[in-house]
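Below you'll find the structure I mean.
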Amino acid sequence: MTTITGVRLTPVNIPRTTGFVCGHVVVELLTGSADLVGVGEMSDFQHLPKYHVDVAGLERTLTDLLRGLDVHAANELDRRLQESFPQAGNLYDKGSVIKCGVDIALWDLRGKLAGRSVSSLLGGAVRPSLPVAYPIFRQRSAADVAANLEVVESRLAQGFSTFRVYVGGVLDLDEQFLRRARDRFGDRIQIKSLDFSNLLDARDAARFIERTRDLEYELVEAPARERDAAGLAFVRDRTLMPVSEHVYDGGWAIRLAATRAVDVLNIGLFALGGITPARRVIAVAEAAGLRCLIGTTQELSIGTAAAAHLGVATSAVSVASDPVGPLLYTRDIVREPVRYRDGQLLAPDGPGLGVSIDHDRLAAERAPLTWPAGEVASVVDRVGAPTR
Ligand code: GAE
Ligand code: MG
């Protein structure tokens, strides 16, 4: 029996290429053997509401919660995590981010003990790699439109041909970007989705879809206010566009299925609390005949590796997924970052998640999580440095 002897949490602040700094917490589950440590990541706490968790206090809490438990006591470990961090029912619930970090470290540990990759523990890969869509962040000025067209050009040259376009801010600029992208790149690019991020109500989202539907995109994500299943169903029926929405818990997944509000469930490990609860939601999708994609908050390599293992081992994931964090951040804290090939994310070879912490890098990045003064809009859009 291998027991958990302690939990080590290390906060890091990693800037994106846009200058926006995201705080993450690296998780190490200790076992008493220096050679056997489970690694996880509480990814991207830089979402509203604008506060951070007390990392030292959380480390003590998690140590008390997990110490002495058998690594293979998955039911008891999950019960304790769910009981102590109940689902809040919103996308950026910090409790879910915390559970996710621990859960993926437990999968890593079990994989290391078995000498097998996490995807192998999940039943084996059903595809060699995970197709992903590269995100184009929301246009806030005419200059953004021009700059984002260049992003498409350069990512195309690197093998990414599927894009996800954030919309719902300045609609005229959104439309301008979409039209110019189609004119310039034609069918060399696929637009997987317009992601409305719940910024518009359903009627306004439907109007925008009607005015841009000639631009050929595969689906629309979150085209209604948060938790408005009736609004999503309205958009789906009115526009006949396939709809995807983020899932925050099993109850919401069941409601989305029962109200015929969506075609696709967006399965974000950060939102659901890790691989273990995500599998329960995937079972709902399978029972309801819905397709899935693996969503993202934009993780570093550890969180992205977890998404990759789940994605390659889940046949319901038949829509391009979203995790491209390692391409958006300027630095990482692992020895070998996860890799992308021809627009697909590769699940690292195991054992476990197949990524290992570079302790020099981790020490260099270690710093308290902070919230510099800045505009809420830049937090939502993930584009500007959150400083004035
Ligand atoms: O890049 C980001 O951090 C985004 O905010 C991200 O968390 C979400 O947009 C997410 C989504 O699909 O809504 O990727
Ligand atoms: Mg989204």
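Any read-out appearing in this document is the output of simple, stated calculations on the displayed coordinates, not a laboratory observation. Computed from a predicted model, the values in this text were never measured in an experiment. Here Cβ is always computed from backbone atoms with ideal geometry, including for glycine, and neighbour counts include all displayed protein chains.
Any residue in segment 151-162 that is more than 16 Å from ligand 2 (Cβ to nearest atom), hydrophobic (A, V, I, L, M, F, W, C) and in contact (Cβ under 8 Å) with a residue 40 or more places away in the chain?
Residues of segment 151-162 more than 16 Å from ligand 2 (Cβ to nearest atom): 151-161.
Now narrow it down to the ones that are hydrophobic (A, V, I, L, M, F, W, C): 151-152, 156-157, 160.
Applying the additional criterion that residues be in contact (Cβ under 8 Å) with a residue 40 or more places away in the chain yields 160.
For segment 151-162, residues more than 16 Å from ligand 2 (Cβ to nearest atom), hydrophobic (A, V, I, L, M, F, W, C) and in contact (Cβ under 8 Å) with a residue 40 or more places away in the chain: present.
Let me ask another. So which strands (runs of 3 or more DSSP E) are wholly in segment 1-114 and hold at least 3 residues that are within 16 Å of ligand 1 (Cβ to nearest atom) and within 23 Å of T304 (Cβ to Cβ)? Walk me through it before giving the result.
Working: elements: 6-15, 21-30, 38-42.
Passing ranges, in order: 6-15, 21-30.
Quick test of your reading of the structure: P135 fulfils all but one of (1) touching a Gly at 6+ places or on another chain (Cβ under 7 Å); (2) not in a loop (DSSP other than H, G, I, E, B). Name the failing condition by number.
(1)
Still on this structure: State which residue is farthest from L91 (Cα to Cα) when the search covers only segment 276-297 and only residues that are surrounded by 24 or more Cβ atoms within 10 Å (Cβ to Cβ) and either more than 16 Å from ligand 1 (Cβ to nearest atom) or polar (S, T, N, Q) (or both).
I282
Taking segment 304-313 as the search range and keeping residues that are among the small types (G, A, S) and more than 8 Å from the chain's Cα centre (by Cα), which one is farthest from ligand 1 (Cβ to nearest atom)? If you could, list the steps in order and put the result at the bottom.
The initial filter retains those residues of segment 304-313 that are among the small types (G, A, S), namely 305-308, 311, 313.
Pick out the ones that are also more than 8 Å from the chain's Cα centre (by Cα) and you get 305-306, 308, 311, 313.
Details: A305: 17, A306: 15, A308: 16, G311: 14, A313: 21 Å.
So, considering only residues that are among the small types (G, A, S) and more than 8 Å from the chain's Cα centre (by Cα), the one farthest from ligand 1 (Cβ to nearest atom) is A313.
Residue by residue through segment 298-318, note down the ones that are surrounded by fewer than 24 Cβ atoms within 10 Å (Cβ to Cβ) and under 12 Å from V132 (Cα atoms).
Hit for segment 298-318 is S318, nothing else.
Given the criteria within 16 Å of ligand 2 (Cβ to nearest atom), at negative phi, in contact with a helix residue (DSSP H, G or I) (Cβ under 9 Å, 6 or more places away or on another chain) and in a helix (DSSP H, G or I), does F185 qualify? Quick ask: steps written out before the conclusion?
Working: within 16 Å of ligand 2 (Cβ to nearest atom): no; at negative phi: yes; in contact with a helix residue (DSSP H, G or I) (Cβ under 9 Å, 6 or more places away or on another chain): yes; in a helix (DSSP H, G or I): yes.
No, not satisfied.
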